[in-house]
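Everything below concerns the one structure shown next.
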Amino acid sequence: MSQDGIIDAAYGAAAVWTDGQRTLAPRAAALMAARLAADGDPDWPSHLPAAVAGMMAGHAALFAAWIHARHHGNPLRIGIAGGQGSGKSTLSALSARLLEREFGLRPAVVSLDDLYLSRTARAERAQAEHPLFATRGVPGTHDVARGIGLLDALVAPSGELPLPRFDKGRDEPWPEADWPRVLTPVDVVLFEGWCVGAVPETDAALAGPVNALEREEDPEGHWRRSVNGFLAGPYADLFGRLDALAFLAVPDFAAAQRWREEQEAVLRQRSQGAMSSAEVQRFVAHYERLTRSMLVSMPARVDLLLELDSDHRIAAVGPGGAWRSRGFRRDSAL
């Protein structure tokens, strides 16, 4: 795609932002996206169709401007949540590059996925709590203490700080010697992950299974209640460190399931150790309950709501709820 095509795609992205959330002129956002593409930036999503990449870069420019408008000289920790395949990793990477290149801020991206426990640690939890904790994904399968320490250290003068990385192919953390390092303090932490910002469900919501996995392997509800307990405890402390929260809302759970299958189909074509269709169905079933819950609860609790349509495009961007309705235990006042 030509530079003009990228500018048009990025300009079109600005049209779906409400005036109150758009703090950058559409033309300026489009030019930022085009510069990123023209320079061959390593974070440019070349795996996406050019029009989609341009659109995502346009949204990233507007999101970076939204963050910059809230910076006021103090470090910010921004949560970015969204179902599988919603584009949160791409948005985070592009926004970080634009915060640095165009707004002069020092960002760091942290993924909840990189906090997954090792297979050995998950096996121990599976033995102690419930067998379903052997599969990574739900609250209870992350190193939350490491995440809390990391979010605190990134905005403090901690010196050079290693950022954890998890190898999904091996289903194990990378050796610490291979982790990238960042000099602290940074100006903006972008903390992205599928369940970032989630809150516990009610007892009534937990009563019945949502799918065959829960019906057959968690008939008494022990696993889902344990997941809920993790959300109410250590994960509330982790998410309570966030200063703002954005949510990429998928149209429904079926879309998230379909998009994950599409991702795995591409990997199967490349012989990259992807899951079979049956394995994808089982894997995604672990995420279904909380994904459905978040689609109901998150829009009223976030600062920025990005709604995706069935064609995998961000169709609307507007404000969400306020901090008071979010339900986290805060470690500091606003």
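Bear in mind these aren't lab numbers, they're just calculated from the coordinates by the rules spelled out. Since this is a predicted model, take the numbers as computed values, not measurements. All Cβ positions, glycine included, derive from the backbone under ideal geometry; neighbour counts span all protein chains shown.
For the reader, a short list of remarks on this structure follows.
- Cα point-scatterer Debye curve for the stretch 49-119, base-10 log of I(q)/I(0) at q = 0.14, 0.16 Å⁻¹: -0.47, -0.60
- From the Kirkwood radius over Cα pairs of the chain, Stokes-Einstein at 10 °C and 1.306 mPa s returns a whole-number translational diffusion coefficient of 78 µm²/s.
- Placing unit charges on each Cβ (+1 for Lys and Arg, -1 for Asp and Glu) gives the stretch 1-58 a dipole about its Cα centre, and among 10, 23, 58 the Cα reaching farthest toward its positive end belongs to 23.
- Around residue 168: net Lys/Arg minus Asp/Glu count, Cβ-Cβ under 14 Å: -1
- The antiparallel fraction among DSSP beta bridges confined to the chain stands at about 35%.
- Volume of the convex hull of the stretch 1-152 (Cα atoms only), normalised per residue: 129 Å³.
- Per residue, the Cα convex hull of the stretch 88-159 amounts to 103 Å³.
- In the stretch 1-58, Cα pairs under 8 Å separated by at least six residues give a relative contact order of 55 percent.
- Over the residues of the chain, the helix contribution to mean residue ellipticity at 222 nm works out to -13500 deg cm²/dmol, using -39500 (n - 2.57) for each DSSP H run of at least 4.
- Listed residues 143, 171, 303, most fluctuating in the chain (Gaussian network, C-alpha, under 10 Å): 171
- Positive-end residue of 183, 121, 162, charge dipole of the stretch 94-236 with Cβ unit charges: 183
- About the Cα centre, charge dipole magnitude for the chain (Lys/Arg +1, Asp/Glu -1 at Cβ), debye: 420
- Dividing the mean sequence gap of close Cα pairs (under 8 Å, 6+ apart) by how many residues the chain holds gives a relative contact order of 20 percent.
- Cβ-derived FRET efficiency at R0 22 Å, residue 127 paired with residue 237, nearest 0.05: 0.30
- 12 Å beta-carbon shell around residue 290, net charge (K/R +1, D/E -1): 0
- When only alpha carbons are used to place a centre, the stretch 205-255 and the stretch 50-88 end up 24 Å from one another.
- For residue 3, net neighbour charge (Lys/Arg +1, Asp/Glu -1) across residues whose Cβ lies under 12 Å away: -2
- Peptide packing for 80-89, 155-164 was compared via the average number of neighbouring C-beta atoms within 10 Å per residue; ordered from the highest value, the list is 80-89, 155-164.
- Using alpha carbons only, the radius of gyration of the stretch 1-40 set against its Kirkwood radius gives Rg/Rh = 1.01.
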